[in-house]
1. Starting from the Cα of SER45, step 7 Å along the direction of its Cβ; do the same at ALA128; then give the gap between the two resulting points in nm.
2. At 7 Å along Cα-to-Cβ for each site, give me the label-to-label distance between ILE114 and ALA54 in nm.
3. Report, in listed order, any pair from LYS146/LYS172; LYS129/LYS179; LYS157/LYS179; LYS146/LYS179; LYS19/LYS179 with a Cα-Cα distance greater than 26 Å.
4. Cα-based Rg (one decimal) and Dmax (whole number) for segment 130-181, in Å?
5. Quick query: amide H of LYS146 versus all other amide H atoms, modeled in the peptide plane; which residues come in under 5 Å with a sequence gap of 5 or more or a different chain?
6. Using 1/(1 + (r/R0)^6) with R0 = 22 angstrom and r between the beta carbons of PHE61 and ASN84, what's the FRET efficiency to the nearest 0.05?
7. Please identify every one of the trypsin sites (Lys or Arg not before Pro) in segment 1-79 that sits in a loop by DSSP and has no more than 14 other beta carbons within 10 Å of its own beta carbon.
Amino acid sequence: MKAQANDVEERLLVEAARKDPARFTDLYQANFERVYAFVSRRVHSRADVEDLTAEVFQHAFEHLSRFEWRGVPFVAWLYRIAANVVVDRWQSLSRESGRPAIDPPSVEFDDTEIERTERRAQLFRNVAKLPAEQRRVIEMRFAEEKSIGEIAKVLGKSTGAVKQLQFRAYTKLREQALKDFGGKAGGRNG
C-alpha cells in the first residue's frame, strides 16, 4: 500500500515538473541522496561525485519529457542516467590519459545494489541531521579525509574533543541506522 502511495506521489512530482520546470526541484530533493550514493560507490573523488551527480540531474531535467512510466520508480531512470554518466566520464579520462583501457567501475545494479544505495542515501540524510559540530567532524574525517589532528587544528579543539564528537556522531548514526534498517545497519560495505 505504501509503495502505491509513493508511486502516485512520484507520478505527481514528475507531471508537475513537466508542466512547470521550476518544480523539478521537488524531484531533485526527493532523489539527490540516492543518486549521490549511487555515484559515490563508483567514483572516489568527492569533487567528481558532486560533478557527476549534478550532470545526472542536468540530463534528467533536459530530458524529462522523454521519461516513460514502465512499472519502475523514477529513481531507476536516474540510476540508468548515472550509470551512463559514470561510464562516459571513465571513457573520457581513459582517452585523455592515453593509458590502456582498464575495466570501468561497475555500473550494473540489482536489488542488492539498490538496497545498498538506499542505505547509503539514508546515511547521508542522517549525517545531515547531526548537530553541526558532529556533522562537520564526520564530513571532514570521511569526505575530506582529514586526520583527527587536522580537524582539531581547523576547529580549534583538542584531539580528545574531536574524538569525542566523532564518537557521539557514530553513536547517533548507528542508533538511527538500527531504527531505519533493523538488524541491517550496514557495516563497511553499505
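1. For the pair SER45/ALA128, the computed spacing is 2.5 nm.
2. Each label point is offset 7 Å from its Cα along the Cβ direction, giving 3.0 nm.
3. On the way: LYS146/LYS172 21 Å; LYS129/LYS179 15 Å; LYS157/LYS179 32 Å; LYS146/LYS179 29 Å; LYS19/LYS179 38 Å.
As for pairs spanning more than 26 Å Cα to Cα, those are LYS157/LYS179; LYS146/LYS179; LYS19/LYS179.
4. That works out to 11.2, 36 Å for Rg and Dmax.
5. Counting only residues 5 or more places away or on other chains, the set is ARG141.
6. Once rounded, the FRET efficiency stands at 0.90.
7. Those that pass, being in a loop and sparsely packed, are ARG70.
Laboratory data are not the source of any read-out in this text; all were calculated from the coordinates shown. None of the values given here were measured: they were computed from a predicted structure. We place every Cβ from the backbone using ideal geometry, glycine too, and count neighbours over all the protein chains shown.
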